[in-house]
Amino acid sequence: MSVVLKVGGASIGGTADIVRELRTLGHSVCVVHGAGPQISEEMERRGLEVRFVNGRRVTTPEAIEVVRESFAAINAAVCDAIGPDALALAGEEIGLEAEQVPELGLVGQPVPSRPAQVVAALERGRVPVVSPLARGPLNVNADEMATALAVGLGAQRILFLTDVPGVFHEGRLLHSIPASEAEALVGKGSFDGGIVPKLLAASRAARSGLQAEIGATAVVA
C-alpha cells in the first residue's frame, strides 16, 4: 500500500515514528510537510502582514521568500528525523503544479501530479519528503497539496498528522465523519482555522477513493 503522510510545521515530532511503523507494515510512504508556525513567526519578525483567507495564507512576493526558506528548514528537519532513507524534494523543483488564486497573491490551488522523482524514490524504497511550493512559485496549502499528490500518485491512504488527536465537533472527538457532512459544516462556519483546509482536503481524498484520516478521525466518502 502506498501512503501519503502530511505533517504540519507544529507536528513534525512524531513523523519518524509513524513513518517507521508504516514501513514496518510494508507500506511505501511519501511525506508532505507544511511550515505554518515558522512562516508566520518569520513574517512577523520581518514586519510582513500575516493574513489568512479560509486557511490559505495571503502570499506576497516578499512573503514567498519566507515561505521558501521555512519550507527548506522544515524539510531538512523532517529528513534528519526519518534518517538516511529520506529524500528531500522541493515541490517547485520537481514540478508540482497549481493554478494561481489571484485574490490571494502568489497562492495556488494544486492539481493532481505524479512527479517522476517522487515515483522513482518510492520505487527505490526511499521516503520522499516533499515541500508544497508549486512551480511559479506558488504557495500551496500543504493539506491540499498532500491530497493532490496522493491522487496523482494513486496512493491508497492519506494520513494528516496534527498536534491535536483528531477532529472535534461540539466538544466531542469524532471517530468518523462523512465527507458531505464535513463540507456542509465547513460551509456553515462550524470550523475555523487550520482544520478547515484539512477537512476539505481529506473530503476530496475520500471522494477520490482514498482512505483518509485526520488523526483519529476517519473522513469517509
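Read-outs throughout are calculated quantities, based only on the coordinates presented, and are distinct from any laboratory measurement. This structure is a prediction, so every number in the text was calculated from the model and none was measured. Virtual Cβ from ideal backbone geometry, glycine too; neighbours counted across all protein chains shown.
General remarks:
- Taking a sphere under 11 Å around the Cβ of residue 55 and counting the other residues whose Cβ falls inside, with K and R at +1 and D and E at -1, yields a net charge of 0.
- Near the amide H of residue 133, within less than 5 Å, lie the amide hydrogens of 91, 92, all on another chain or at least 5 residues away, with H placed in the peptide plane.
- Percent of C-alpha pairs per 10 Å bin, the chain, short to long: 9, 37, 38, 16, 1
- Relative contact order (percent, whole number), the chain, Cα cutoff 8 Å, 6+ residue spacing: 23 percent
- Protection proxy ranking, highest mean first, for peptides 137-143, 110-116, 73-79, 47-53: 137-143, 73-79, 110-116, 47-53, where packing is the per-residue count of other beta-carbon atoms within 10 Å, averaged.
- Inter-part distance where the stretch 86-163 and the stretch 29-46 are each reduced to a Cα centre, Å: 15 Å
- For the stretch 102-221: rounded, prolate or oblate by the Cα gyration tensor [a/c cutoff 1.5]: oblate
- Here the stretch 177-216 has an Rg and Dmax of 9.5, 26 Å, counting Cα atoms alone.
- For the stretch 1-106: rounded, prolate or oblate by the Cα gyration tensor [a/c cutoff 1.5]: prolate
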